[in-house]
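Input: a single structure, listed below in structure tokens.
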Amino acid sequence: MRIACPLCGERDLREFTYKGAALALAYPSEAASAQEWDDYLHNRDNPAGPTRELWYHGSGCTSWLVVTRNTVTHEILAVELAENAEEASA
Amino acid sequence: MRIAGKGLINRKKPVSFTFDGTVYSGFEGDTLASALLANGVKLMARSFKYHRPRGVLTAGSEEPNALVTIGNGASQDPNVRATVQEIYEGLEARSQNRWPSLAHDVMAVNDLGAPFLGAGFYYKTFMWPKAFWEKLYEPVIRRAAGLGALSGAAVTDKYERAYAHCDVLVIGAGPTGLMAALTAAEAGVDVILAEEDSVLGGRLLSESGEIDGVPARDWAEATVARLQGMANVRIMTRTSVTGAYDGGTYGALERVGHHGVVAADLPKECFWRIAAKRAVLAAGALERPVAFQNNDRPGIMLASAVRSYVNRWNVAPGKAVAVFGNNDSAHDTAADLLAAGVHVSALIDSRPDATTDLPVPFYAGAHVCGSEGRKALEAVSISRASGIDKVQADCLAMSGGWNPTLHLTCHMSGRPDWDEAIAAFVPRAGMVPGMIAAGACNGVFSTAACLGEGAGAALAALDGLGVEAEMPALPAAEARDYRISPLWAVPGKGRAWLDFQNDVSVKDVKQAAVENFRSVEHMKRYTTQGMATDQGKNSNVGALAVLADATGRGIPETGTTTYRPPFQPVAIAAMAAGSEDKGFAPERLTTSHELTVKAGAPMIEAGLWYRPSYFPRSGETTWRQSCDREVMHVRQAVGVADVSTLGKIDIKGPDAGALLDFLYTNMFSTLKVGRVRYGLMLREDGHVMDDGTTARLAEDHFVMTTTTAAAGQVMSHMELITQGVKRKLDVRFTSVTEHWAQFAVAGPKSRELLNGLLDAPIDGESWPFMACGDVSVGGVKARLFRISFSGEQAYELAVPSRYGEALFAELRKRAEGLGGGVYGMEALNVLRIEKGFITHGEIDGRMTAFDIGMQGMMSKKKDFYGKGAAARPGLLDDERPQLVGLKPVGVVKQITAGAHLYKDGAEAVRENDQGYVTSVGFSPEMGSFLGLAFLKGGRARHGETVRMVDAMRGVETTCEVCHPVFLDPEGERARD
Amino acid sequence: MIDLKAKSACEGLLPIEIGGVKLSEVAPAEMTLIAPYRGKEAALAKAFGGRWPAAGETASVEGGVLVWFGRAQAMLIGTAAPTTLAKFAAVTEQSDAWARVLLEGAGARDVLARLTPLDIRDTAFAVGQTARTELFHMQVSITRVSKDAWQIIGFRSMAGTLVHDLQRAMKGVAARAI
């Protein structure tokens, strides 16, 4: 598998580590309810199709990336810097 | 028997080698199989299960029978295919799975028991009594059945891993692959041409046709020469592409040192990872055998193999060769044999309408239905409408048609389609993104069509790359239609073999169907068809055709088993190359490492770092003596320890304080410049991630310390926070762990030591507890932190790493001069346990600030990472395990880490578990073992006695629960 | 006043030469990591005469070179960073943090191909280009300084492993040439 890092270009999978759903960027506010915390920490969709994932280019530029990937075909549809991702909070 | 002809052997270079100790001679260019056949050796192996005598079936990497062991001792390679192994002077090959010898194999008795040993025999027979399996049945079966054996010694040969990149990867260098590579290369893109054979040309090397009016082999040679002259082409011979993976990544195994005496440092094999933007699969096709009674006698081989031996290696595989097939390949083979002057005793074609002009006894609409001979073929039986004829033959060339080598197209879960016209599976387009199958592996068999498909596939690949190119002029070549009439198994009694490698017969597959193993995947596992080194390359399609017939379904409905990587066997040594010994993981060494090792300190691993356990002195016979002494040095004089391994992160910017406020549970923006504060960091789920001290060196400049173990994790965590969670913060940070060599100077005489060393002396007032700032050592700008992990008056002194070794030596000398010395991890551990300071032994990922008694550090005035999650009721439950101290009060005065705690008098069973011990040390000052532990509701239980049981070590004692800080609870020493 | 003796990261380990490929330690020089604050990128670039390196690039500046060193940062090598930069960027001295070696020779690229998944073909990695990537198990910075010479910067503490891994690859490549 190869991921096209927006800064470094296409790189081998081994330079990256996987964190989980990109939802991890949507950190709840201090006032969030218990349900909101539960959703943030534990509840994830498991789609057969495109999914948004958080990857870390730890052996490269140390950018966090949001990778849109199809879980059926393994096709990578988009890679963006986490700082530009729609999930990212303040 | 060697015959005349212009093969690819170098008759000027004879090569001698041994097989089972006998010396034979071949020529440069021979494989072990061709050389043995040239010497009249037909018996090369014993079969897996029944120990039946076997000869070579093929001339390629799909060989199921002729597996041998090469070499001796640690560099012994089992299960090497004789058809792949090139001979070289001094090669030692041995047959496998026989005793005492290949010709007289005692285990051949299995074959007599064959009626009882069919499919599922093991499953049915060795079930009862259950206990017999491990002790009796399995060892006996394993000894009787099997392939070659490993030496049992650690591998001493070198293996290698490497990466390659290209625009177009062409897999296979037959007519299709050569044409594809040439077309792509002429368009100027980077091409890798990978070929598993040692010579490029594929089937052109084994056949007798012409291309562009010259022998096909000469055309191949000329084309290869052209490719070799192009800077954008990389030709990789002896390289088998073993797998297709996501994103255009391909695995490939190169045989580097298998074809000669290996020079020191030369790898035996190299495992390549090739990243290709596009790929052309030109893997060709594999001929398939026909199942008939006793179709496994040495001398019976595939027609394509016979052509290879005759044309490429100038070996006649027999004196009288019979040829049997259901397609035109049989006729081509007979023609080649005749042209080479080999006697063809019969040509048998199962197609009733077949004709021939060849001057050979011809049988149309007939089948070979049996064979005779003991350890080699002597005659074949031919059944036709009029009855059964017997024909003398010491070799039978059989052709059941061709299977496209489409395995790689299925490596990403793709399934092939059945093509009725050629009675074979063909690849479905697009099954591996970016890869195009062309030529024979795409079900196109004439040379002309292959050349066209190769060029066409290259154009498609170029188009995908955005490169324009035109269809080249295609060379003229044979363009005959492929005609075949399916024939999988000749009806008849006895055992007709489908899978030679696993001894699976037609009867076994039918038996599986009878027992309702109707799915091809179930049949495979029940009969073991398609397993081991050839992975059913010779038998899959035949076996599923028999299964389809037995279950009354068509072949497409029956389907195939799943083709998975690797396409060829890959030694684990090749995949893991470089990871042995010191290559296993990077070693991180501190600047004091050399001196530490020289001092005789045993080193222990802390993550990737190496740290001293203790520094033995003469007269000390146990580690405890050294450790106790080192602890007392710190408590009574001064000790020095290298603490460079702790993570140090330099944080700068207008929002540096704000970032720290969010990262840590407690407040940092209020910290005064020149001061240090202890902080606690949580994960998003509210559990403790790490702890450490952070110093404020300037208004917008902090240096954070992490634990050794969590340094990398904290760094990536901070990246995540600043890039995605608090992305508006204007702050930058970087690791400076490596830049600073940092040493703890701890003990009542620590200030005295420093004042003899620092360029300007310090005092307690200007450098109070938790102060930090710049100092100078021998003119070198250094940093001093007054922090303590021992509870004593202590400092940490940091200098740029280049001075680390010199400073360590100096500190050590001065500490010893003051009645102290250097100390290792054991003493460091005791010192911190005495003070109740936690490490990752305690904060193991399951603990909250509440659990470790630091709930007071969770600020109510601000938000911090993990705050909301940490506030969940379950994480604040009074019954959660809480950090406590333990002192032994029973007869046994020992505490052991990992031991579990139970209420006094309670039975030591899981249901009664109250907690466990996380850290243990012997305090020389207190003369007692001390433990840190987690105990249910422990903070309210100080003074209670609990039962400690270590079932692993067999230690049991009674402990008193106490506050985790054993020594100087007011912290006066550190402030001294 | 005591005299602290300095020791370089690869002292006692290098140089080595195998099969025409040479691995040597680059003479220690000042290394300063410069990371611009938000919105200060342009001002910082201006301070370097507009020669701030884009991702994967290097830029020659007076007395030294700026090597792109990862997300939003570059390493200034060979000269001290002007103190005025602190207005625009986090400026962190790292001269002692790294082992800096030079791999050179006709076979150097083949040696690297044993260790890094980076595409180092001429078309993908020209002279003057740089990358943060892996060298076997380690995160490193690789810069192509000339046709056959590559600068590799790895963690100082891992200098021994850096040399070990490169040496192993050098031996394997050299053995093929025999």
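Nothing in this text is a laboratory measurement; each read-out follows from the coordinates by a stated rule. This is a predicted model, so every value here is computed, not measured. Methodologically, a virtual Cβ is constructed for each residue, glycine included, from the backbone with ideal geometry; neighbour enumeration extends over all protein chains shown.
Could you give the radius of gyration (one decimal) and Dmax (whole number) of the Cα atoms in region B:494-553, in Å?
Here Rg and the maximum Cα pair distance are 10.0, 30 Å.
Which is the longest part of chain B that has none of the GluC sites (Glu not before Pro) sitting in a DSSP loop with at most 12 other Cβ atoms within 10 Å?
Answer from the scan: B:90-467.
For region C:31-93, what does the equivalent ellipsoid look like in terms of its semi-axes, each the square root of 5 times an eigenvalue of the Cα gyration tensor, given largest first in whole Å?
Taking √(5λ) for each eigenvalue gives 14, 13, 11 Å, largest first.
Give me the compactness ratio for region B:1-152, meaning the Cα radius of gyration over 2.2 N^0.38 Å.
1.22
How compact is region B:696-739 by the rule of thumb for globular proteins, expressed as Cα Rg over 2.2 N^0.38 Å? Please list the in-between numbers first.
Values: Rg = 11.3 Å, N = 44, 2.2 N^0.38 = 9.3 Å.
Output field value: 1.22.
Beyond 23 Å, what percent of the Cα pairs of region B:237-320 remain?
53 percent
Taking all pairs of different Cα atoms in region C:25-160, averaging 1/r and flipping that mean, what Kirkwood radius in angstroms comes out?
15.3 Å
With the crude spin-label approximation of a point 7 Å out along Cα→Cβ, what separation in nm comes out for B:K813 versus B:A576?
With each label point 7 Å from Cα toward Cβ, the separation is 4.6 nm.
Find, among the trypsin sites (Lys or Arg not before Pro) in region B:1-85, those assigned to loop by DSSP (not H, G, I, E, B) with at most 12 other beta-carbon atoms within 10 angstrom.
B:K6
Which trypsin sites (Lys or Arg not before Pro) in region A:1-81 pass both tests, a DSSP loop state and at most 16 other beta-carbon atoms within 10 Å?
A:R44
Run the simple label-point estimate for B:V909 and B:A4 please: 7 Å along Cα→C-beta, distance reported in nm.
Result for the modelled spin labels: 9.1 nm.
Any idea how far the Cα center of region B:716-787 sits from the one of region B:176-215, in Å?
Using only Cα atoms, the two centres lie 65 Å from each other.
Using only Cα atoms, tell me the angle between helix B:825-834 and the longest principal axis of chain B; keep it within 0 to 90° and round to the nearest 10.
Value to nearest ten degrees: 50.
Could you work out how far the C-alpha centroid of region B:903-966 sits from that of region B:627-670, in angstrom?
Value for the Cα centre distance between the two parts: 29 Å.
Just subtract the alpha-carbon distance of B:D419 and B:R846 from 0.36 nm times their residue separation and send over the number in nm, one decimal.
147.9 nm is the gain from fully extending B:D419 to B:R846.
Region B:103-122 to region C:78-126: how many Å between their Cα centroids?
Their Cα centres are 64 Å away from one another.
I need the GluC sites (Glu not before Pro) found in region A:1-65, filtered to DSSP loop residues with at most 16 other beta carbons within 10 Å of theirs.
A:E30
List the residues, sorted by chain then number, that are 5 or more residues from B:T590 or on another chain and whose placed amide H is less than 5 Å from its amide H.
B:Y610
Near the amide H of B:Y159, under 5 Å away, which other amide H atoms are found, from residues 5 or more places off or on another chain, if H is placed in the peptide plane?
Counting only residues 5 or more places away or on other chains, the set is B:K268, B:G578.
If you take the charge dipole of region A:20-90 about its Cα centre, with +1 on Lys and Arg Cβ and -1 on Asp and Glu Cβ, which of A:V72, A:P47, A:A21 is farthest toward its positive end?
Selected residue: A:V72.
Along the Cα→Cβ direction, 7 angstrom out, place labels at B:D357 and B:E515. What is the inter-label distance in nm?
5.3 nm
How fast does region B:289-400 diffuse by Stokes-Einstein, in µm²/s, taking the Kirkwood radius from C-alpha pairs at 20 °C and 1.002 mPa s? Can you show the working numbers first?
On the way: Rh = 13.4 Å.
It comes out at roughly 161 µm²/s.
Any idea what angle helix C:159-177 forms with the longest principal axis of chain C, computed on alpha-carbon atoms, 0 to 90 degrees, nearest 10?
Its long axis makes an angle of about 40 degrees.
Ratio of alpha-carbon Rg to the 2.2 N^0.38 Å globular estimate for region B:168-252, to two decimals, please.
Normalised Cα radius of gyration, region B:168-252: 1.08.
Determine the calculated [θ] at 222 nm for chain B from helices alone, applying -39500 (n - 2.57) to every DSSP H run no shorter than 4 residues and normalising by the residue count; nearest 500 deg cm²/dmol.
-5500 deg cm²/dmol
Please report, for the Cα atoms of chain B, the Rg to one decimal and the Dmax as a whole number; what are they, in angstrom?
Taking only Cα atoms of chain B, I get Rg and Dmax of 37.6, 117 Å.
Could you list the residues of region B:445-463 with an amide nitrogen less than 17 Å from a label point located 7 Å from the Cα of B:E470 in the Cα-to-C-beta direction?
Label zone hits: B:455-456, B:459-460, B:463.
May I ask which of B:K728/B:K835; B:K582/C:K7; A:K19/B:K726; B:K268/B:K375; B:K672/B:K726 have a Cα-Cα span longer than 29 Å here?
B:K728/B:K835; B:K268/B:K375
Rg and Dmax of region B:812-890, Cα atoms, in Å?
Answer for region B:812-890, Rg first and Dmax second: 18.1, 55 Å.
Once the principal axes of the Cα atoms of the protein assembly as shown are found, what is the range along each, listed largest first in whole angstroms?
115, 78, 63
For region B:874-893, list residues with backbone N below 13 Å from a point placed 7 Å from the Cα of B:A940 toward its Cβ?
B:877-882
Using unit Cβ charges (K, R positive; D, E negative) and no other charged atoms, how large, in debye to the nearest 20, is the dipole of chain B about its Cα centre?
Here chain B has a charge dipole of around 1420 debye.
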